[in-house]
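Undergrad: Let me give you the structure first, and then I'll get to my questions.
FYI, it's all coordinate maths here, none of it is from the lab. Since this is a predicted model, take the numbers as computed values, not measurements. Heads up, the Cβs are rebuilt from the backbone with ideal geometry, glycines too, and the neighbour counts pull from every protein chain shown.
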Amino acid sequence: MSEIKNIIFDLGGVLLNVDYHKTANAFKALGAVQFDDLYSQANANHLFESLETGSISEDAFYEAIYQYCNPGTTRNQMLLAWNAILLDFRKDSLTVLDNLKDKYNLYLLSNTNSIHLTYFNHSLLEETGNVSLDHYFVKSYYSHLIQIRKPYVETYQWVLKDAKIIASETLFIDDSVNNIKGAMEAGIQTHLLLPSENIGDLSL
């Protein structure tokens, strides 16, 4: 096994606490009773994949999701429901990143979208004073900006090429089994972060 020189971190469930049930319950309260069939940690239907790869606009997303909601549901209600998934940052884990920067090249790879990016950047500023997660990383890769997403192996290969790093010298940390499998296919060393774990628990 090669020596680790680079670490790629996931965001939600690793550095940022998330709760999929909060968004699901919020949309169900708006009338989207089948929301669980549309979106979960493990799967996202075409609408959400399109949002996460930047192939549809925020306006198009709201127009599409409105079709599942009660008539008269407002855009702000849908915005609040969509952002309900995002909780607080794991400040201890962010401190770990600061301590690791001198030892490894750190990167972020997140399946996210423009709506959530705006929201969690605002939360980060309030919680830490940093305007973006770029403070912690050599580079941050957001799926809606690079227009590809996990768990597809091509996504990891693209990031490796863009960052000019070697797969065997790279560790990927994520809380999703599917995402871990994709990284392994790309030849990257991996760690599946369990719900009981924080990155500070790892021997890095």
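Undergrad: Looking for something over 22 Å from Y136 (Cα atoms) and among the charged types (D, E, K, R) - is there at least one such residue anywhere in the range 40-49?
TA: yes
Undergrad: When you look at V33, is it within 25 Å of Q147 (Cα to Cα) and part of a loop (DSSP other than H, G, I, E, B), yes or no?
TA: Judged against the criteria, V33 is not a match.
Undergrad: Does the range 88-132 hold any residues that are of a type in the set (F, W, Y) and in contact with a His (Cβ under 8 Å, 6 or more places away or on another chain), and which are they?
TA: Listed by number, the list is empty, since nothing qualifies.
Undergrad: To continue, here is another question. Give the range 129-156 a look and list any residue that's surrounded by 18 or more Cβ atoms within 10 Å (Cβ to Cβ) and either polar (S, T, N, Q) or over 16 Å from the mean Cα position of the chain (by Cα) (or both), or say none.
TA: Answer for the range 129-156, where residues must be surrounded by 18 or more Cβ atoms within 10 Å (Cβ to Cβ) and either polar (S, T, N, Q) or over 16 Å from the mean Cα position of the chain (by Cα) (or both): S140, S143, T155.
Undergrad: Scan the range 178-204 and report the pairs whose first residue is buried (at least 18 other Cβ atoms within 10 Å of the Cβ) and whose second residue is among the charged types (D, E, K, R), with Cβ atoms within less than 7 Å and a gap of 6+ or a chain change.
TA: From residues that are buried (at least 18 other Cβ atoms within 10 Å of the Cβ), the pairs are N179/D10; N179/K150; I180/D174; G182/K150; L193/D174; L193/D175.
Undergrad: Looking at I85, I56, which is the one that is without any contact (Cβ under 8 Å) to a residue 12 or more places away in the chain, buried (at least 19 other Cβ atoms within 10 Å of the Cβ) and either in contact with a strand residue (DSSP E or B) (Cβ under 9 Å, 6 or more places away or on another chain) or of a type outside the set (S, T, N, Q) (or both)?
TA: Just a single option satisfies the conditions, and that option is I56.
Undergrad: Just to be sure before I move on: is K161 of a type in the set (K, R), under 17 Å from N111 (Cα atoms) and surrounded by fewer than 17 Cβ atoms within 10 Å (Cβ to Cβ) in the structure I sent?
TA: No: the conditions fail for K161.
Undergrad: (1) surrounded by fewer than 13 Cβ atoms within 10 Å (Cβ to Cβ); (2) farther than 30 Å from S203 by Cα; (3) touching a residue at least 12 places away in the same chain (Cβ under 8 Å): which one isn't true of N76, the others all being true?
TA: Here N76 meets the rest and fails (3).
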